[in-house]
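No value in this document is a laboratory result; all are computed from the given coordinates. Keep in mind the model is a prediction, meaning the values are calculated, not measured. Cβ placement follows ideal geometry from the backbone for every residue including glycine, while neighbour counts extend to all protein chains displayed.
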Amino acid sequence: IEDIDWDARVEAMQINLFGTVLMTRAVIPHFRPRGYGKIINLSGGGATAPLPRFSAYAASKSAVVRLTETFAHELRDAHVDVNAIAPGALNTRLLDEVLAAGPEHVGDDFYARSLKQRDQGGAPLEKGAALATFLASAASDGITGRLLSAVWDDWATLPERREHLEATDIYTLRRIVPEDRGQQW
């Protein structure tokens, strides 16, 4: 943390978090009068697991998920669904930058995972696109406030699970307490 360029950290927050807020603010005035809308935010794996040496990215993506959950509650009465997508580990410019930085800057483990991702081709772009198309469609109406993985989650079956999904915190970020894991302390 002490070696991270502060301006780069601020820029990551501005792009990932504030960019999401600004886009949402721009579309809400169009959705509210219609009583319908879909907002799909990009989050990713940075939201669900620690990313040493990429703390600004991870924190901003976690914030996007919590923002998504909060906006979903705020816009529920307007029938605006707000969800976040984790498209999978994509071979993008960010991957190129990680590899160019080398293990001394990104850490040995993350560098090794990045090399493997590059060599195996990363997550198919079509999976993320298919999830985005589903969330933009009427088939997903009422599914809101969720973080869905294009690669790992069985999102295509969610319409038949809509009622159960609404009554749970499945596909959300939440605090885990001892009782959730069978502990009594």
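Out of the residues in region 114-129 that are assigned to a helix (DSSP H, G or I) and in contact (Cβ under 8 Å) with a residue 24 or more places away in the chain, which is surrounded by the most Cβ atoms within 10 Å (Cβ to Cβ)? Give the steps one after another, and end with the answer.
As a first pass, look at region 114-129 and keep what is assigned to a helix (DSSP H, G or I): 114-120, 125-129.
Still in the running and in contact (Cβ under 8 Å) with a residue 24 or more places away in the chain: 117-118, 125, 127-128.
Numbers: GLN117: 18, ARG118: 15, LEU125: 14, LYS127: 18, GLY128: 20.
Looking at the filtered set, the residue picked out is GLY128.
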Screening ARG53, ARG25 for residues that are outside any helix (DSSP H, G or I) and either within 18 Å of ALA136 (Cα to Cα) or more than 14 Å from the chain's Cα centre (by Cα) (or both) leaves only ARG53
Would you point out which residue out of ALA56, ALA63, ALA12 is crowded, with 17+ Cβ neighbours inside 10 Å, among the small types (Gly, Ala, Ser), farther than 22 Å from GLY128 by Cβ and touching a residue at least 40 places away in the same chain (Cβ under 8 Å)? ALA56
Of the residues that make up region 166-185, is at least one farther than 24 Å from GLN117 by Cβ, without any contact (Cβ under 8 Å) to a residue 12 or more places away in the chain and in contact with a helix residue (DSSP H, G or I) (Cβ under 6 Å, 6 or more places away or on another chain)? yes
So ALA72 clears everything in (1) over 20 Å from GLY19 (Cα atoms); (2) touching a residue at least 40 places away in the same chain (Cβ under 8 Å); (3) not polar (S, T, N, Q) except one condition, right? Which one? (1)
Considering region 163-173, residues that are out of contact with any strand residue (DSSP E or B) (no Cβ under 6 Å at 6 or more places or on another chain) and surrounded by 15 or more Cβ atoms within 10 Å (Cβ to Cβ), and then whichever is nearest to TYR36 (Cα to Cα), we arrive at LEU165
